[in-house]
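Just below is one structure, and these are the notes that go with it.
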Amino acid sequence: MRRRPRAKRKPYPSTITDEEWEFVAPYLTLCREDARQREYPSRDVYNALRWMVRAGAPWRWLPNDFPPWEIVYQQTQRWIAAGCFEALVHDLRALLRVTADRAPTPTAVVLDGRTLQSTPESGGRAGYDGAKRRKGSKVHIAVDTLGHLLALRVTAADAQERAQVGALAADVQTVTGDTVELAYVDQGYTGEDPAMAAAAHGIQLAVVKLPQAKRGFVLLPRRWVVERTFAWTARFRRLARDYERLPQTLAGLHFIAIAGLMLQRVASIFISP
């Protein structure tokens, strides 16, 4: 099959730059660019994916100057299954930590979760979060003390945060090579069970409590970092609700969004204007 040339078009705000693509391309190259089965360049497919995550449009509503939505969706699933975006985020995190005079791998993390409202696509696996009074999915994440994503789990909204400590701790230690010793959490993680689950992986839980005399918004030490990460992802409209039929797709799209933000930071540091 003859490979189609890249379409000439005015770039979108989400379009990746040449310098960013040089960094990203090796992570997304599952087969050669000149392979006979490749009809569209990987860069065009990735740009379509970035646009969709940022704009929040359905797969079938991708603009016509992108590759067909079926191509973008199928390739996205291949990239997610291969762990391409996790690998990209992990290497970007190490690079950004070094530029901030930190060790490449952290010794402390912050855990938290947020509930996403379900949609007709995700309603079949949704649960009800009584605290938030919302039916949907819950995204549990672990970030380092700079807010960089380390691990992510998707469950039904009725799953307790404390029940995910063991799985998140295992993922964090796998990613970092068992360097993490401390995890900051909120009062929802209080109890012996989450503490034991974390300790089984060599991590001590540190519960950051609210002050007794609280009035209005209170910036909690360490804990605000993970809330900022959630705020970053909430600006990507595809992640404002759970629009995905598959939980692994929702998890993968979070890594795609975070990778885009981290690429911008790396470019601002290493690429002169």
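The values are calculated or read from the model by the stated rules, or taken from the named source; none is laboratory data. This one's a predicted model, so the numbers in the text were calculated from it and none came from an experiment. So basically every Cβ, Gly included, is an ideal-geometry build from the backbone, and we count neighbours across all protein chains shown. These area figures cover heavy atoms from the full protein model, side chains too; ligands, DNA and RNA do not enter into them. Shrake-Rupley method; radii C 1.70, N 1.55, O 1.52, S 1.80 Å.
Things to note:
- Selection status of Ile71, touching a Gly at 6+ places or on another chain (Cβ under 6 Å) and open to solvent by 10 Å² or more (accessible area, probe 1.4 Å): no
- Flag for Tyr189 being out of contact with any Pro (no Cβ under 8 Å at 6 or more places or on another chain), among the aromatic types (Phe, Trp, Tyr) and without any contact (Cβ under 8 Å) to a residue 40 or more places away in the chain: no
- Whether a residue is open to solvent by less than 10 Å² (accessible area, probe 1.4 Å), in contact (Cβ under 8 Å) with a residue 12 or more places away in the chain and under 18 Å from Ala234 (Cα atoms) was assessed, and Gly127 does not pass this test.
- Top-ranked residue of the range 246-273 - restricted to ones that are assigned to a helix (DSSP H, G or I) and under 23 Å from Gly124 (Cα atoms), ranked as most open to solvent (accessible area, probe 1.4 Å): Gln248
- Filter result for Leu152 (under 15 Å from Ala251 (Cα atoms) and within 20 Å of the chain's Cα centre (by Cα)): yes
- Index of the failed condition, Asp91 passing every other in (1) within 19 Å of Val180 (Cβ to Cβ); (2) open to solvent by less than 50 Å² (accessible area, probe 1.4 Å): (2)
- Pick from the range 168-209, criterion β-branched (Val, Ile, Thr) and assigned to a helix (DSSP H, G or I), ranking: nearest to Thr155 (Cα to Cα): Val172
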